[in-house]
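Here the structure comes first, spelled out in structure tokens, and everything after it is commentary.
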Amino acid sequence: MKLGIVGLPNVGKSTLFNAITKAGALIANYPFATIDPNVGLVNVPDERLNVLAKMSESKKIVPAVIEFYDIAGLVRGASKGEGLGNQFLSNIRETDAIVEVLRCFDDPNVTHVDGSVDPIRDIETINLELIFADLEMIDKVLEKRRKVARNDKDVAKEVAVLDKVKTVLEEGKSARILKLNDEEKKLLRSYQLLSTKPIIYVCNVNEEDAANNGETNQYVKTVRDFAASENAEVSIVSAKIEQEISELESNEEKKDFLEMLGLDESGTDKVIKDSYKTLNLISFLTTGEMETRAWTITDGTRAVDAAGKIHTDISRGFIKAEIVSYEDLVESGSINGAREKGLLRMEGKDYIMKDGDVVNFRFNV
């Protein structure tokens, strides 16, 4: 899955990207320090893998991964080509979801492109540019498709959905707030509309506000109120702290540093988990002597389709899925222990996978 990290210039976007991916993106206190998108693969934090690997004496652990793109800072007028507008918008179009970083701290030494800190204004700046870009595309499509729709029922359905989206966009609202059925979503998918993409708002705060999850930060409160209207996730992060954490060598050092700051987990871990939630993703697990591994699937995936994530032959020759929940397996101490307790189940092709299912697929090709 590809997530695009976006934001106005100098909001801490590249600093956060560095902390998440340790990729060493350029950090500078001036606009457009990032021109081409930096890319980094990030492990999805999952303590279950360590437990299973120890139980199975696995030779290696393979976590699930998410691909993060650090996309150039956007300015007002991007949809008309201002700044790095066209490049910025095309980079977003390639992603599955947007991580929008918002500056929610005051610091006279860090310039803001609009002269003052106002995260809601920043949200509106970015969202409006995405809306304008979508409107321009929809108008061009409708101009051609309306004529065809008179004699084609399928095209007529497509036009009806685009009209529905256009109405919302003209009200200055993002298309993601629309409640569309599966058929309508499918019709829109090929257009890769920017304002339909799921979004996570990341509030970049100071150290004190990170420790209390932004509860006393008025900027954060306004973002949470806005996000609620879009049913979007809000993550609280101090990009400065995350950068410091990323430079520590061992997990023990990171744990001690977080405890010293009064944090249960790093902000980047929260962002990654919120990304999973936003994209409606879950993980099923496989474990054995060779490796313990997490596999990413969409919530609601059938067992036979999950098998195909490992190898198409497993899906093609699917017989049964031998499944035990992670919790039951840990409580039983081993696969054999789970089997003796009757907790190991045999499921068919249409079984809907659950997060944390530990699976052994039986197949024959």
Are any residues in the range 261-297 farther than 25 Å from Gly308 by Cβ and either of a type outside the set (Gly, Ala, Ser) or surrounded by fewer than 22 Cβ atoms within 10 Å (Cβ to Cβ) (or both), and if so, which ones? Leu261, Gly262, Leu263, Asp264, Glu265, Thr268, Asp269, Lys270, Val271, Lys273, Asp274
Take the range 113-142 and flag every residue that is more than 13 Å from Ile92 (Cβ to Cβ), open to solvent by less than 10 Å² (accessible area, probe 1.4 Å) and touching a Gly at 6+ places or on another chain (Cβ under 8 Å). Asp122
Exactly one of (1) farther than 30 Å from Lys13 by Cβ; (2) without any contact (Cβ under 8 Å) to a residue 24 or more places away in the chain is unmet by Asp106. Its number? (1)
Single match in Glu252, Glu242 (criterion: out of contact with any strand residue (DSSP E or B) (no Cβ under 7 Å at 6 or more places or on another chain), assigned by the TED database to the domain that holds Leu41 and surrounded by 21 or more Cβ atoms within 10 Å (Cβ to Cβ)): Glu242
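Residue-by-condition table, conditions (1) on the phi > 0 side of the Ramachandran plot; (2) in the same structural domain as Asn18 (by the TED database); (3) at pLDDT below 90:
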| residue | (1), (2), (3) |
| --- | --- |
| Leu258 | no, yes, yes |
| Gly262 | yes, yes, yes |
| Asp269 | no, yes, yes |
| Met290 | no, no, no |
| Arg293 | no, no, no |
| Ser315 | no, no, no |
| Lys320 | no, no, no |
| Ser325 | no, no, no |
| Ser332 | no, no, no |
Candidates Val202, Val223, Val237 - the one that is within 30 Å of Thr301 (Cα to Cα) and open to solvent by less than 50 Å² (accessible area, probe 1.4 Å): Val202
Does the range 152-174 contain at least one residue that is buried (at least 20 other Cβ atoms within 10 Å of the Cβ), assigned by the TED database to the domain that holds Asp274 and within 24 Å of Lys277 (Cα to Cα)? yes
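This table checks each residue for (1) open to solvent by 10 Å² or more (accessible area, probe 1.4 Å); (2) modelled with pLDDT of 85 or more; (3) farther than 22 Å from Ile199 by Cβ.
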position: Val6; (1), (2), (3): no, yes, no
position: Gly12; (1), (2), (3): yes, no, no
position: Gly24; (1), (2), (3): yes, no, yes
position: Ala33; (1), (2), (3): yes, no, yes
position: Asn38; (1), (2), (3): yes, no, no
position: Glu47; (1), (2), (3): yes, yes, yes
position: Met55; (1), (2), (3): yes, yes, yes
Please specify each residue of the range 298-308 satisfying the condition of being in a helix (DSSP H, G or I) and exposed (fewer than 15 other Cβ atoms within 10 Å of the Cβ). none
Please work out if Arg146 is assigned by the TED database to the domain that holds Ala232 and open to solvent by 70 Å² or more (accessible area, probe 1.4 Å). yes
Unique match (being over 22 Å from Leu49 (Cβ atoms) and surrounded by 19 or more Cβ atoms within 10 Å (Cβ to Cβ)) among Phe363, Phe318: Phe318
Looking at the range 334-360 only, could you name the residues that are in a strand (DSSP E or B) and surrounded by 14 or more Cβ atoms within 10 Å (Cβ to Cβ)? Arg345, Glu347, Asp357, Val358, Val359, Asn360
Go through the range 263-285 and count every residue that is in contact with a Phe, Trp or Tyr (Cβ under 7 Å, 6 or more places away or on another chain) and not aliphatic (A, V, I, L, M). 2
Quick check on the range 116-128. Is at least one of its residues touching a Ser or Thr at 6+ places or on another chain (Cβ under 7 Å) and at pLDDT 90 or above? yes
Here's a check for you: in the range 321-333, which residue that is open to solvent by 30 Å² or more (accessible area, probe 1.4 Å) and in a helix (DSSP H, G or I) is nearest to Ile282 (Cα to Cα)? Tyr326
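The rows are residues; the columns are (1) within 29 Å of Asp107 (Cα to Cα); (2) surrounded by fewer than 20 Cβ atoms within 10 Å (Cβ to Cβ); (3) without any contact (Cβ under 8 Å) to a residue 40 or more places away in the chain.
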| position | (1), (2), (3) |
| --- | --- |
| Leu178 | no, yes, yes |
| Glu183 | no, yes, yes |
| Ser190 | no, yes, yes |
| Asn206 | yes, yes, no |
| Asn217 | yes, no, no |
| Asp256 | yes, yes, yes |
| Glu259 | yes, yes, yes |
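The values are calculated or read from the model by the stated rules, or taken from the named source; none is laboratory data. Small disclaimer: the values here were computed from a predicted structure and weren't measured. Please note: Cβ atoms are built from the backbone with ideal geometry, for glycine as well, and neighbour counts cover all protein chains shown. Side chains included, ligands, DNA and RNA excluded: accessible areas come from the protein's heavy atoms. Shrake-Rupley method; radii C 1.70, N 1.55, O 1.52, S 1.80 Å.
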